[in-house]
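Here's the structure, in structure tokens; my notes come after.
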Amino acid sequence: QVGLVEYGGGLVQAGDSLRLTCQDPGRSFTRGTMGWFRQPPGKEREFVAAITPFNHRTYYLDSLKGRFTVSRDDATNMIYLQMDNLRPEDTAVYYCAARPAQSGIIIEDPSTYKGWGQGTQVTVSS
């Protein structure tokens, strides 16, 4: 089946900004909480941010300290990740995924998500 699709990554300098977009071509995944994850080279996939439906409550990796903002557009079913003041340590492949209802209280757990996209590469040079 067609899964989620991410795009918007690229090569930027430290301090620059990027906005990632997540699309759901089959509209099969965007009814619930949506999450962003990233996977640096040689490391495990880690939680970045998530946003709930309806009230758009957001969650973030603590170390991001407000540099990243997740949002969603209910009219288009697009999910965004605005990344500001990028740092070299932000370099990773970024993924979008969906979290079904009743998946537990640990929203950072990647095993509770499905519909993973192919990822989009973000590279930040110093």
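The values are calculated or read from the model by the stated rules, or taken from the named source; none is laboratory data. Note that the coordinates shown come from a computational prediction; the quantities given were computed from them, not determined experimentally. FYI the Cβ positions are ideal-geometry reconstructions off the backbone, even for glycines, and counts take in every protein chain you see. SASA here: full protein model, heavy atoms, side chains in, ligands and nucleic acids out. Shrake-Rupley method; radii C 1.70, N 1.55, O 1.52, S 1.80 Å.
Below 8 Å between Cα atoms, with a sequence gap of 6+, how large is the relative contact order for the stretch 32-71 in percent?
Reported relative contact order: 32 percent.
Calculate one ³J(HN,Hα) per residue across the stretch 44-51 by plugging θ = phi - 60° into the Karplus curve 6.51 cos²θ - 1.76 cosθ + 1.60, and present them in order as whole Hz with x for glycine and proline.
Values per residue, Gly and Pro as x: 6, 5, 10, 5, 10, 6, 8, 9 Hz.
Just the ratio, please: alpha-carbon radius of gyration of the stretch 1-89 over 2.2 N^0.38 Å, N its number of residues.
For the stretch 1-89, the normalised Cα radius of gyration is 1.09.
Kindly write out, for the stretch 103-109 in residue order, the coupling ³J(HN,Hα) from the Karplus curve 6.51 cos²θ - 1.76 cosθ + 1.60 (θ = phi - 60°), rounded to whole Hz, with x marking Gly and Pro.
Along the stretch 103-109, the couplings run 9, x, 8, 8, 6, 7, 6 Hz.
Using alpha-carbon pairs under 8 Å, 6+ residues apart, how would you state the relative contact order of the chain in percent?
About 36 percent, as a whole number.
Considering the Cα positions of the stretch 86-126, please state its Rg to one decimal place and its Dmax as a whole number of Å.
Final numbers for Rg and Dmax: 13.2, 41 Å.
Net charge within 10 Å of Gly15 by Cβ-Cβ distance, Lys/Arg positive one each and Asp/Glu negative one each, not counting Gly15 itself?
Net charge in that neighbourhood comes out at -1.
Might you tell me the accessible area per residue for the chain, computed with a 1.4 Å probe and given in Å²?
Spelled out: the 1.4 Å probe surface of the chain, per residue, equals 53 Å².
Towards the positive end of the charge dipole of the chain, with charges on Cβ (+1 Lys, Arg; -1 Asp, Glu), say which of Gln121, Thr33, Gly10 has the farthest Cα.
Looking along the dipole axis, the top candidate is Thr33.
Tell me, what % of the accessible area of the chain is carbon and sulfur with a 1.4 angstrom probe?
48
Compute, for the chain, the length of the dipole vector about the Cα centre, with Cβ point charges of +1 (Lys, Arg) and -1 (Asp, Glu) only. Units Debye, rounded to 20.
I would put it at about 200 debye.
Would you please give the residues with an amide H less than 5 Å from that of Gly10, counting only those at least 5 places away or on a separate chain, with H modeled from the backbone geometry?
Close amide H contacts, sequence-distant or interchain: Val122, Thr123.
So which residue, out of Gly32, Gly115, Gly104, gets the largest mean-square fluctuation from a GNM of the chain using Cα contacts under 10 Å as springs?
Gly104
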